[in-house]
């Protein structure tokens with residue numbers, strides 16, 4: 001069974017739906033999608049409409065609402081110390097694209113990522129700070145963090161606008177679930193673990209070390225990814241039977257990052273955030289194709 005993608009989530013449907021004129025029969029529809037459309041009223045030529053103007057108005061309204069929603073999310077985030085001005089600007093652009101493509105469901109999934117990441121950053125922050133493993137700038141994320149975590153979801157959103165599909169929807173949710181899983185696992189692991197496992201060398205090292213994972217952090221990350229998937233299901237972006245797939249994809253993405261960090265020893269958080277969200281998205285595409293086709 002292939003789960004459906006709700007029609008309201010895709011801007012493409014704004015130009016693919018037939019238009020029935022008020023007060024006319026069901027057969028009185030737009031005959032051709034062009035800049036100047038000839039319309040038939042009960043089979044008679046009688047009215048010329050610019051169908052694109054009606055579509056354009058809906059597109060402009062969707063763009064405006066998407067911008068306003070993310071603008072206020074950014075203002076609240078800055079006020080609460082979740083990110084700085086640069087993070088706000090990059091988040092506004094990427095969030096605008098995401099919300100335009102996926103509607104209120106996409107916005108709420110994005111909001112959930114921001115909320116869970118910000119809340120877990122504050123958990124035992126003084127302990128993390130004393131150990132030198134806390135997020136710098138008092139926990140405020142910059143444009144680098146927003147770029148690393150939101151580029152892949154925004155890129156998928158751009159593809160979704162003209163090519164809406166279940167696979168792209170699942171990949172989008174999985175990319176943000178991976179970002180959430182990675183952030184929550186890292187912050188909870190640093191807050192409650194004194195040492196972490198190097199999964200490449202099967203040895204232990206201090207909490208906060210690159211490539212290390214902890215049991216409590218990993219568990220928290222998986223729960224967070226399930227929360228993201230649940231928001232997507234509640235808003236009808238995906239069906240409930242996709243929850244396991246989203247959580248597994250997020251785990252694959254975040255764990256792959258730990259392997260690569262441990263193997264390379266490179267300190268490039270934004271690059272690895274970009275990488276793990278891409279891996280999570282591709283894992284979701286692969287699992288969707290395998291499990292439902």
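Every read-out reported here was derived from the displayed coordinates using simple, explicitly stated rules and does not represent laboratory data. Everything numeric in this text was worked out from a predicted model, so none of it was measured. Note: ideal-geometry Cβ built from the backbone for every residue, glycine included; neighbour counts use all protein chains shown.
Prolate is the label for segment 189-248, because the ratio a/c of its alpha-carbon gyration tensor axes (a ≥ b ≥ c) is 1.5 or higher and a/b is greater than b/c. Once you have a ≥ b ≥ c as the square roots of the Cα gyration tensor eigenvalues for segment 63-292, tell me rounded if a/c is under 1.5, and otherwise prolate or oblate according to whether a/b is larger than b/c. Since a/c reaches 1.5 but b/c is at least a/b, the shape of segment 63-292 is classed as oblate.
Remark: the residue 270-residue 68 segment gains 70.0 nm on full extension, using 0.36 nm per residue and subtracting the alpha carbon distance. Find the percent of Cα-Cα distances in segment 217-293 that exceed 22 Å, and round it to a whole number. In whole percent, the long-distance tail amounts to 26.
Taking the three principal axes of the alpha carbon atoms in segment 119-221, the coordinate ranges are 48, 32, 19 Å, sorted in descending order. Residues 222, 123, ranked from the fewest to the most other C-beta atoms within 10 Å, line up as 123, 222.
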